[in-house]
Amino acid sequence: MDRRSKRLSESIKKEISNVIINELDDPRISFITVVSVKLSSDLKSAKVYISILGNSTTQKTTIYGLRNARKFIQGQVARRLNIKYMPIISFHVDDSLKKMAHIDNLIAGINDEAAEDNDEVAVDEVDNREDD
């Protein structure tokens, strides 16, 4: 991604966040964070990745609300950025936090198993010393 694309991506991310926080009055849309914006190589489309706090029902409701407000959000961002062509935005749930939590749980499980194995080895060593 070239410098211009990175700047535009960051600007779009910032302005989408501002519009959602300050201008949307939709009860379906709550507890979200705009994580990143990925622009296509021709700058005609932008995938907006969001993190939504809540269960799967809350996530579905929020993404539905955002998709319904897409044209409004896109128009507000275009006006604020004053760009000739505003990329068409689409919203996607960013599940990287969920994946990281799953990996952390797996690592914690492995560490717990290793600690139990070490405890068993230590008990066996103590038992062997007592037999001597």
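Remark: pairs (first residue in segment 84-109, touching a residue at least 40 places away in the same chain (Cβ under 8 Å) and within 20 Å of ASP42 (Cα to Cα); second residue hydroxyl-bearing (Ser, Thr, Tyr) and not in a helix (DSSP H, G or I); Cβ separation under 9 Å; 6+ apart in sequence or on different chains) = PRO87/SER40; PRO87/SER45; ILE88/SER45; ILE89/SER45; SER90/SER45; PHE91/TYR49; HIS92/TYR49. Of all residues assigned to segment 87-102, none qualifies as being of a type in the set (A, V, I, L, M), part of a loop (DSSP other than H, G, I, E, B) and within 23 Å of ASP2 (Cβ to Cβ).
Checked against (1) touching a helix residue (DSSP H, G or I) at 6+ places or on another chain (Cβ under 6 Å); (2) modelled with pLDDT of 90 or more, SER36 passes all but a single condition, namely (1). When you check LYS60 against the structure, is it closer than 20 Å to SER96 by Cα, modelled with pLDDT under 95 and among the charged types (D, E, K, R), yes or no? Judged against the criteria, LYS60 is a match. Filtering ILE63, ILE29 for residues that are of a type outside the set (Ser, Thr, Tyr), in a loop (DSSP other than H, G, I, E, B) and crowded, with 18+ Cβ neighbours inside 10 Å leaves a single hit, ILE29. On the given criteria, is GLU113 among the acidic types (Asp, Glu), at pLDDT 70 or above, assigned to a helix (DSSP H, G or I) and more than 16 Å from the chain's Cα centre (by Cα)? It is true that GLU113 is among the acidic types (Asp, Glu), at pLDDT 70 or above, assigned to a helix (DSSP H, G or I) and more than 16 Å from the chain's Cα centre (by Cα).
The values are calculated or read from the model by the stated rules, or taken from the named source; none is laboratory data. From a predicted model like this one, the values you see are computed outputs, not experimental measurements. FYI the Cβ positions are ideal-geometry reconstructions off the backbone, even for glycines, and counts take in every protein chain you see.
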